[in-house]
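Peer 1: Before we start, here is the structure in question, set down as structure tokens.
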């Protein structure tokens, strides 16, 4: 079974600065996907970014980028030019590619990010 | 296009009562899921379904039952609610196509309190 660990329950950053959220995972699979989801106070789960394990290039989406270290099983999220609207709970999640797994996501515990003005 | 719709949004139950949470999706997704979210524990998978008429257990299935009689609907039942089932419940759905890691689409959650 896969496990996902987010060791930072809470983080804060000043507006316009850069922050990095950490995530590590454990799996015996070689092909999988990793995701970061954002959950603002509205409770909605919003996909932030996705990484395919067989791609060495780190994924980027505007101000969001990841540092994917497959050998270390590490998947951190970097938010540049932080905005007040980035205040949310952030979840790291793992999905293996086996058909029998039904595209299930395994989530980490979450990191509450607060962006201060 | 509503996406994933969960009803109800809030519910308070007494211990021992039963209820059903309804999830409906209009994206023609094959896969559907029920998760629960508790503080400090992230989201944990309760049950999931890879197609109409099929269901499977997730990480925390005890005390819950599910049914998927129609492709667009996935029901989560609590036969005898317990305070430990106080949580926020999320339904999600996704396509079966896995080549690009089809992401899950989530509903807005149901906050359930069992007293």
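Peer 1: Regarding region A:9-26, can at least one residue be identified that is within 12 Å of chain B (Cβ to nearest Cβ), farther than 25 Å from residue B:109 by Cα and either touching a strand residue (DSSP E or B) at 6+ places or on another chain (Cβ under 6 Å) or surrounded by 12 or more Cβ atoms within 10 Å (Cβ to Cβ) (or both)?
Peer 2: Within region A:9-26, not a single residue is within 12 Å of chain B (Cβ to nearest Cβ), farther than 25 Å from residue B:109 by Cα and either touching a strand residue (DSSP E or B) at 6+ places or on another chain (Cβ under 6 Å) or surrounded by 12 or more Cβ atoms within 10 Å (Cβ to Cβ) (or both).
Peer 1: Going through A:86, A:81 one at a time, which residue ends up being more than 11 Å from chain B (Cβ to nearest Cβ) and on the phi > 0 side of the Ramachandran plot?
Peer 2: After applying the criteria, what remains is A:81.
Peer 1: Sticking with this structure for a sec: Do we find a residue being out of contact with any strand residue (DSSP E or B) (no Cβ under 6 Å at 6 or more places or on another chain) and at pLDDT below 95 anywhere in region A:31-40?
Peer 2: yes
The rows are residues; the columns are (1) under 26 Å from residue A:89 (Cβ atoms); (2) buried (at least 20 other Cβ atoms within 10 Å of the Cβ).
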{"site": "B:35", "(1), (2)": "yes, yes"}
{"site": "B:38", "(1), (2)": "yes, no"}
{"site": "B:46", "(1), (2)": "yes, yes"}
{"site": "B:69", "(1), (2)": "no, no"}
{"site": "B:80", "(1), (2)": "no, no"}
{"site": "B:86", "(1), (2)": "yes, no"}
{"site": "B:95", "(1), (2)": "yes, no"}
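Peer 1: Quick one: count up the residues across region B:17-33 that are within 11 Å of chain A (Cβ to nearest Cβ) and either free of Cβ contacts under 8 Å to residues at least 12 places away in the same chain or assigned to a strand (DSSP E or B) (or both).
Peer 2: Matching residues across region B:17-33 total 3.
Peer 1: For the condition farther than 24 Å from residue B:28 by Cβ and under 10 Å from the mean Cα position of the chain (by Cα), what is the one hit in B:107, B:77?
Peer 2: B:77
Peer 1: Let me ask you something else. Taking the criterion of being in contact (Cβ under 8 Å) with a residue 60 or more places away in the chain, crowded, with 18+ Cβ neighbours inside 10 Å and within 13 Å of the chain's Cα centre (by Cα), would at least one residue in region B:4-16 satisfy it?
Peer 2: yes
The values are calculated or read from the model by the stated rules, or taken from the named source; none is laboratory data. Computed from a predicted model, the values in this text were never measured in an experiment. Counting neighbours? That spans all protein chains shown, and the Cβs are built from the backbone with ideal geometry, glycine included.
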